[in-house]
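Each value in this text was obtained by applying a stated rule to the coordinates, not by laboratory testing. Everything numeric here is computed off the predicted structure, so don't read it as measured data. Glycine also receives a Cβ, built like all others from the backbone with ideal geometry; neighbour counts cover every protein chain displayed.
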Ligand code: ARG
């Protein structure tokens, strides 16, 4: 008996993988694993029903809490961004792969199958994690290996009893988890095509937002959000509440050009209200408690962290080392940040922390604690080398 574990979303690509595993790869037992990282419940139900129809041994794993604590929170600490959007798909893929590898071991499967195409980033992310955790496992990617067109795929599905449903009319390709939602495909692929309103499900368009601003306070402990408006919340509830507050005020739409891992340039639309809000608040609190050098250096660390996380290299050595630095800094990222949300914009309007490096008496225009006359000498030598260079250049 040859057994394979399939990372299963319930969508067309992964569903088609089921008969393919039997027909082209000689497996007799297919185990499907759907990992709940906050996608719609209807997607999870659909996966369960299709798995039943297609006769697989199915597992649904609720990993929302783990996703929030071990993936979203590290992303907040690192202000996790890639080319101008808060990364979300890329931080969920490692966890999905970890769970699938666990089920593979538990059920004695000898192979791992995913439904990623050969054009995207997810193939890199899934396979890296499975190879890292279960090097003995054979990895199969039927979508990439068979190279079907969409039409051929639908034809194959129909012939093999795979429910196609509305797949042929579904224009948008959507990936969704607690931290963000991406919308791709159809005319959205054209960089100059304005996104139609129908692609947005999490954010209200500016003209339909409330006419009065919402003020929200985010409390942080050790770099991690712990409360909203003074109410302590568990991580999943906090992300869900932040999502609602920001989304209802139109915050969290991002439309960018993105360079995929291999360099393929694509147009991407995201909705990520909670991530935008929480990372904005977090950055602002770091601005209050970090030294100038820490801030400057951390910007570089964050950027590199974002690149590694985007590439899916979750267990990478450099990523580990960067996190050691990031976590050291986060020991002081405790406090509260106030933000104003209004018609698609979020802005910080206040921040406070027991670790603030700000001193009112020193900074104030009205204080004599700082003896200004002592500055005369310091100002004289400012830019010494810079002035010497300028003299030379003049000659
Ligand atoms: N461009 C984003 C990323 O690579 C989102 C991709 C969405 N993935 C998907 N399979 N639909 O992280």
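Quick notes
Residue by residue, here is whether (1) farther than 28 Å from residue 205 by Cβ; (2) within 16 Å of the ligand (Cβ to nearest atom) holds:
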| site | (1), (2) |
| --- | --- |
| 249 | no, no |
| 261 | yes, yes |
| 264 | yes, yes |
| 271 | no, yes |
| 291 | yes, no |
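- Those helices (runs of 4 or more DSSP H) of region 308-385 in which 3 or more residues are in contact (Cβ under 8 Å) with a residue 12 or more places away in the chain occupy 317-330.
- Being more than 26 Å from residue 117 (Cα to Cα) and either crowded, with 21+ Cβ neighbours inside 10 Å or touching a helix residue (DSSP H, G or I) at 6+ places or on another chain (Cβ under 6 Å) (or both) holds for only one residue in 328, 292, 283, 319, and it is 319.
- Condition met for residue 140 (surrounded by 15 or more Cβ atoms within 10 Å (Cβ to Cβ), more than 16 Å from the ligand (Cβ to nearest atom) and within 27 Å of the chain's Cα centre (by Cα)): yes
- Residues (surrounded by 12 or more Cβ atoms within 10 Å (Cβ to Cβ) and over 19 Å from residue 292 (Cβ atoms)) located in region 350-367: 350, 352
- Checking each residue in region 53-70 for being closer than 27 Å to residue 331 by Cα and touching a residue at least 40 places away in the same chain (Cβ under 8 Å) picks out 64, 65, 67, 68, 69.
- Boolean, residue 243 is part of a helix (DSSP H, G or I) and in contact (Cβ under 8 Å) with a residue 40 or more places away in the chain: yes
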